[in-house]
Amino acid sequence: MGEKLYINSVVYSEVAYIFIRSVSAKSYIDLKKDESLVSTAGQKFVEMLFPVLKLGNLLEINDEVVEILNSFILNYGLLPNDALNLATCKFYGIDALMSLDTDFEEACRQEKINLISKVEDFK
């Protein structure tokens with residue numbers, strides 16, 4: 001398999017947060033109030049999911065990525081984290097973005113980046 005996996009710090013943070021919320025079955029507010037919940041769920045994240053994320057190449061967010069991000073917010077109405085993920089692809093020449101978020105459809109089409117949002121897209 002010749003494909004490479006890339007992530008940025010936002011993807012890492014979002015995956016970790018969703019995992020911690022799912023494992024703890026608590027809301028953001030509950031987690032903010034109870035460090036032990038975060039620590040316990042975080043330990044499971046480090047043991048179970050971190051090794052998978054570590055397979056990806058961590059890409060730096062720099063001034064040029066931020067400039068592209070801002071244009072994606074203005075041109076496509078993407079929220080900042082979504083715009084950052086797409087801007088990272090654009091800056092580093094990554095030809096595909098994996099997301100279940102349909103907000104990317106038009107922006108990916110315009111930027112000529114393949115959106116992988118379902119199993120059939122892998123074919």
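The values are calculated or read from the model by the stated rules, or taken from the named source; none is laboratory data. Keep in mind that this is a model prediction, so the values were computed, not measured. Backbone-built Cβ (ideal geometry, glycine too); neighbour counts: all protein chains shown.
The table below gives the values:
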read-out	value
Matching residues in the stretch 78-96 - criterion: being under 20 Å from PHE19 (Cα atoms) and buried (at least 18 other Cβ atoms within 10 Å of the Cβ)	ASP82, ASN85
Residue count for the stretch 95-116, restricted to those that are in a loop (DSSP other than H, G, I, E, B) and either farther than 16 Å from TYR12 by Cβ or charged (D, E, K, R) (or both)	5
Which listed residue is touching a helix residue (DSSP H, G or I) at 6+ places or on another chain (Cβ under 9 Å) and exposed (fewer than 12 other Cβ atoms within 10 Å of the Cβ), from ASN62, ASN8, ASN75, ASN70	ASN62
Some residue of the stretch 90-98 being under 17 Å from GLU3 (Cβ atoms), of a type in the set (Phe, Trp, Tyr) and modelled with pLDDT of 95 or more	yes
Within the stretch 19-45, tally of residues that are over 17 Å from the mean Cα position of the chain (by Cα) and surrounded by fewer than 13 Cβ atoms within 10 Å (Cβ to Cβ)	10
Every residue from the stretch 67-88 that is without any contact (Cβ under 8 Å) to a residue 40 or more places away in the chain and either within 15 Å of VAL11 (Cα to Cα) or basic (Lys, Arg) (or both)	LEU69, LEU79, PRO80, ASP82, ALA83, LEU86, ALA87
Leading residue by the ranking (farthest from LEU84 (Cα to Cα)) among those in the stretch 23-71 that are out of contact with any Leu (no Cβ under 7 Å at 6 or more places or on another chain) and among the small types (Gly, Ala, Ser)	SER36
Any pair with Cβ under 7 angstrom, 6 or more apart, that starts in the stretch 22-37 at a residue that is under 18 Å from MET48 (Cα atoms) and ends at one that is of a type in the set (Lys, Arg)	VAL23/LYS44; LEU37/LYS26
